Every structure is written in structure tokens, then in C-alpha cells.
């Protein structure tokens with residue numbers, strides 16, 4: 001945990017009519033072969049991006065990927081913390097149920113040996 005009492009990488013911060021606002025804690029691995037959600041890394045969602053960690057390109061790639069997975073426009077995704085760090089906190093606004101489920105599934109703990 002990061003000391004805030006939340007033990008998972010994805011949590012709901014507000015709920016609306018058929019959508020939720022989420023905050024996602026990520027661990028970024030820049031310079032990968034492709035951009036993808038990898039699974040958990042401690043209490044964070046591990047995100048591998050193809051972009052290099054230069055001039056904010058990896059951060060932009062993380063925000064683009066999370067928007068695509070959540071099914072929201074890129075303007076609905078903002079960086080809350082961690083602009084120059086591998087550990088980032090991202091807020092997604094008005095995420096439909098399917099997008100929230102996809103993010104939760106990506107950050108779900110894996111069974112031992114699985």
C-alpha cells in the first residue's frame with residue numbers, strides 16, 4: 001500500500017448514472033515491444049509501453065492505453081501524480097461498466113502459480 005489504506009491498483013472515486021470515476025495506480029515499464037497491461041506489480045497495475053521515457057512520451061502512451069482499455073476519450077484521462085516517475089496515479093472520468101471491469105480484471109491478483 002502507498003499509505004492511503006487502499007490495497008489495489010484500481011479504485012472507484014465516484015459513481016454516476018451507469019459510469020464510474022476511477023483512480024488507477026500504475027507502474028510503468030517504458031520502451032517495450034508493444035503497449036499493454038501486464039498485470040499487477042505489488043499494489044499497482046503494471047503497464048508496458050512502447051514509447052521511450054523521453055519528453056513525456058511514455059506518460060502520454062500510458063494515458064492513451066488506459067483510455068483505450070476503459071473505452072473513454074483521451075480527454076477523460078488525466079495524470080494525478082508521478083509525471084517523471086515510473087509510479088503514476090491516473091484518474092479516468094465517466095468510465096462505463098465494461099471499461100471499469102476490464103481495468104479491474106487487469107489489476108486483479110493472480111492465483112499462486114498462475
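Do we find a residue being farther than 16 Å from residue 106 by Cβ and out of contact with any helix residue (DSSP H, G or I) (no Cβ under 7 Å at 6 or more places or on another chain) anywhere in segment 22-31?
Within segment 22-31, one or more residues are farther than 16 Å from residue 106 by Cβ and out of contact with any helix residue (DSSP H, G or I) (no Cβ under 7 Å at 6 or more places or on another chain).
Given the options 26, 49, name the one that is within 10 Å of the chain's Cα centre (by Cα) and under 14 Å from residue 87 (Cα atoms). Show your work before the answer.
Values: 49 fails: within 10 Å of the chain's Cα centre (by Cα).
The unique qualifying residue is 26.
Just give me the residues in segment 96-109 being in contact with a helix residue (DSSP H, G or I) (Cβ under 8 Å, 6 or more places away or on another chain) and within 23 Å of residue 34 (Cβ to Cβ), in sequence order.
99, 102, 103, 106
Sort out which residues of segment 1-40 are surrounded by 18 or more Cβ atoms within 10 Å (Cβ to Cβ) and modelled with pLDDT under 90, and write them in order of number.
Across segment 1-40, the qualifying residues are 9, 10.
For residue 78, are the conditions met, namely being in contact with a strand residue (DSSP E or B) (Cβ under 7 Å, 6 or more places away or on another chain) and surrounded by fewer than 14 Cβ atoms within 10 Å (Cβ to Cβ)?
Against the criterion (in contact with a strand residue (DSSP E or B) (Cβ under 7 Å, 6 or more places away or on another chain) and surrounded by fewer than 14 Cβ atoms within 10 Å (Cβ to Cβ)), residue 78 qualifies.
Within segment 41-50, track down each residue that is closer than 14 Å to residue 65 by Cα and surrounded by fewer than 16 Cβ atoms within 10 Å (Cβ to Cβ).
Once the filter is applied, which keeps residues that are closer than 14 Å to residue 65 by Cα and surrounded by fewer than 16 Cβ atoms within 10 Å (Cβ to Cβ), segment 41-50 yields only 50.
Which one is surrounded by the most Cβ atoms within 10 Å (Cβ to Cβ) among residues in segment 85-114 that are within 10 Å of the chain's Cα centre (by Cα) and modelled with pLDDT of 90 or more?
Step by step, filter segment 85-114, then rank; the result is 92.
The values are calculated or read from the model by the stated rules, or taken from the named source; none is laboratory data. Since the structure is predicted, the reported quantities are computational estimates derived from the model, not experimental observations. Note that we place each Cβ from the backbone using ideal geometry, even for glycine, and neighbour counts take in every protein chain shown.
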